[in-house]
Amino acid sequence: MKRVLITGGCGFVGSNLAIAFAGCGHDVTVFDNLSRHGSEILKIRVMAQGVHFVRGDVRKPEDLAALSGAFDLMIECSAEPSALVGTQGKDARYLLDVNLQGAINCFEWARERHVPVIFLSSSRVYPYDKLNACAFSEAETRFEFTGGCAGVSSQGVGVDMPLPGARSLYGATKLCAEFILKEYAVQYGLPSIINRCGVIAGPWQMGKVDQGVFTFWLANHYFKRPLAYIGYGGTGKQVRDLLHIQDLVDLVLIQAECLMQEKPLYFADIFNVGGGVRSNLSLQETTVICQELTGHKMEISGVMDARPVDMRWFITDNGNTPQAFNWQPRHSARDVLADTFIWLKENEGLVRQVFLEPTETGK
Ligand SMILES: NC(=O)c1ccc[n+]([C@@H]2O[C@H](COP(=O)([O-])OP(=O)(O)OC[C@H]3O[C@@H](n4cnc5c(N)ncnc54)[C@H](O)[C@@H]3O)[C@@H](O)[C@H]2O)c1
């Protein structure tokens, strides 16, 4: 049995990881300030599985320092995960404090105790301005990549895509945090893995318009809420890959074993992690599946112009991640939505309020 600390452990990813690690017999502590709408529900869910909860803020090193006892692994999942936060200048400071200073505080805590780290980074580190400038054709239901971008192929965006460009303040915080972790790995020998995740979805995601879009789209069909195709002519042809949360959990369990062994193999090595060419959808295609699952056909309005930092197309090229960890995503895009639909149906009473009454801050 190992002691595992999950920062942001009452979020979508963190709570699913916490329950999986506890299910494998580990002693798991989640550390969270419960700022995300719905995290109170996830706190109760993880505690029911024997996970310890500590209320704390990654922006405050003293909160992390107050954690008692020794740990064998930290999984850093805390974040303000919306790429739109900070785009209007509003909340920029908050985003930087949580995502960058918070991540540095976590790495510093891990460095002082020599605790290996798995860091949940994002595909948002790749520059959207370069991606939007690639060549695309317009098929009936989606945009298709046709070339003209270094590091990008029909298999998706690779880890070797050149990084100069604009990536959103959110993406910039993740990239800066990656750089710091790399230095900690090299200078201090801190075992660590960086997962650059594409869109993750599935049960227990409290999706909202600017984060968790597939769950948000399905939930708005389920609860008969208004929807809009935003940008690129307002027809919903923009494409994303999506990874089932269970596939991510499977991968992180394997990575944890690699880091907790006597001679860890990874020192801030970077891995792309996403649904890839086998699991991706345009919004239009998502609508069709949501209609089939819920039986509800919604009026969907169209907004011509994209928001700052929007992307026409993103598919993750997982590169060597499958070989490195003997892992493959098992779920299709349809599986992700179907499992999320079952979860919504089974937990409607519990989560209805989260989807119907977003907080004033949108958290
Ligand atoms: N969900 C995705 O599609 C996706 C994709 C790529 C990367 N990621 C990354 O994965 C990680 C987990 O994402 P998620 O989808 O679970 O997000 P989430 O919002 O559901 O979870 C984040 C958790 O962090 C907590 N938190 C926020 N600020 C905090 C602070 N200052 N101190 C302590 N806790 C704080 C929140 O309360 C929440 O429980 C994040 O780092 C995110 O950037 C997620």
Of the residues 102, 89, which is out of contact with any Phe, Trp or Tyr (no Cβ under 7 Å at 6 or more places or on another chain) and part of a loop (DSSP other than H, G, I, E, B)?
89
Here are some residues: 252, 186. Which one is part of a helix (DSSP H, G or I), hydrophobic (A, V, I, L, M, F, W, C) and surrounded by fewer than 17 Cβ atoms within 10 Å (Cβ to Cβ)?
186
Members of the range 309-349 that are among the polar types (S, T, N, Q) and under 18 Å from the mean Cα position of the chain (by Cα):
316, 318, 321, 328, 332, 340
Quick one: is residue 153 of a type in the set (S, T, N, Q) and in contact (Cβ under 8 Å) with a residue 40 or more places away in the chain?
yes
Positions within the range 72-91 being under 26 Å from residue 114 (Cβ atoms) and either without any contact (Cβ under 8 Å) to a residue 60 or more places away in the chain or open to solvent by 20 Å² or more (accessible area, probe 1.4 Å) (or both), in sequence order:
72, 77, 79
I'm told residue 33 meets every condition in (1) at negative phi; (2) more than 7 Å from the ligand (Cβ to nearest atom); (3) touching a residue at least 24 places away in the same chain (Cβ under 8 Å) except one. Can you identify the failing condition by its number?
(2)
Residues of the range 168-198 being away from the ligand (no atom under 16 Å from the Cβ), in contact with a strand residue (DSSP E or B) (Cβ under 6 Å, 6 or more places away or on another chain) and among the charged types (D, E, K, R), which ones?
182
Looking at residue 47 and the list (1) more than 10 Å from the ligand (Cβ to nearest atom); (2) open to solvent by 20 Å² or more (accessible area, probe 1.4 Å); (3) closer than 19 Å to residue 184 by Cα, which single condition is not satisfied?
(3)
Counting only residues that are over 20 Å from residue 107 (Cβ atoms) and within 6 Å of the ligand (Cβ to nearest atom), which one in the range 1-22 is least open to solvent (accessible area, probe 1.4 Å)?
10
Candidate set: the range 92-105, residues that are under 18 Å from the mean Cα position of the chain (by Cα) and among the hydrophobic types (A, V, I, L, M, F, W, C); chosen: the one surrounded by the most Cβ atoms within 10 Å (Cβ to Cβ)
103
Tell me, yes or no, whether the range 92-109 has at least one residue that is of a type in the set (Asp, Glu) and at pLDDT 95 or above.
yes
Qualifying position, being surrounded by fewer than 21 Cβ atoms within 10 Å (Cβ to Cβ), touching a Gly at 6+ places or on another chain (Cβ under 7 Å) and touching a residue at least 60 places away in the same chain (Cβ under 8 Å), among 298, 260, 304:
304
Return a yes/no flag: does the range 290-307 have any residue that is assigned to a helix (DSSP H, G or I) and small (Gly, Ala, Ser).
no
Scanning the range 192-213 for residues that are surrounded by fewer than 24 Cβ atoms within 10 Å (Cβ to Cβ) and not in a strand (DSSP E or B) gives 203, 204, 206, 207, 209, 210, 212, 213
Flag if residue 69 is more than 8 Å from the ligand (Cβ to nearest atom), touching a residue at least 60 places away in the same chain (Cβ under 8 Å) and surrounded by fewer than 17 Cβ atoms within 10 Å (Cβ to Cβ)
yes
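The values are calculated or read from the model by the stated rules, or taken from the named source; none is laboratory data. Bear in mind the structure is a predicted one, so any value in this text is a computation, not a measurement. All Cβ positions, even for glycine, are placed from backbone atoms using ideal geometry, and neighbour counts span all protein chains on display. Accessible surface is based on the protein model in full, side chains and every heavy atom, while ligands, DNA and RNA are left aside. Shrake-Rupley method; radii C 1.70, N 1.55, O 1.52, S 1.80 Å.
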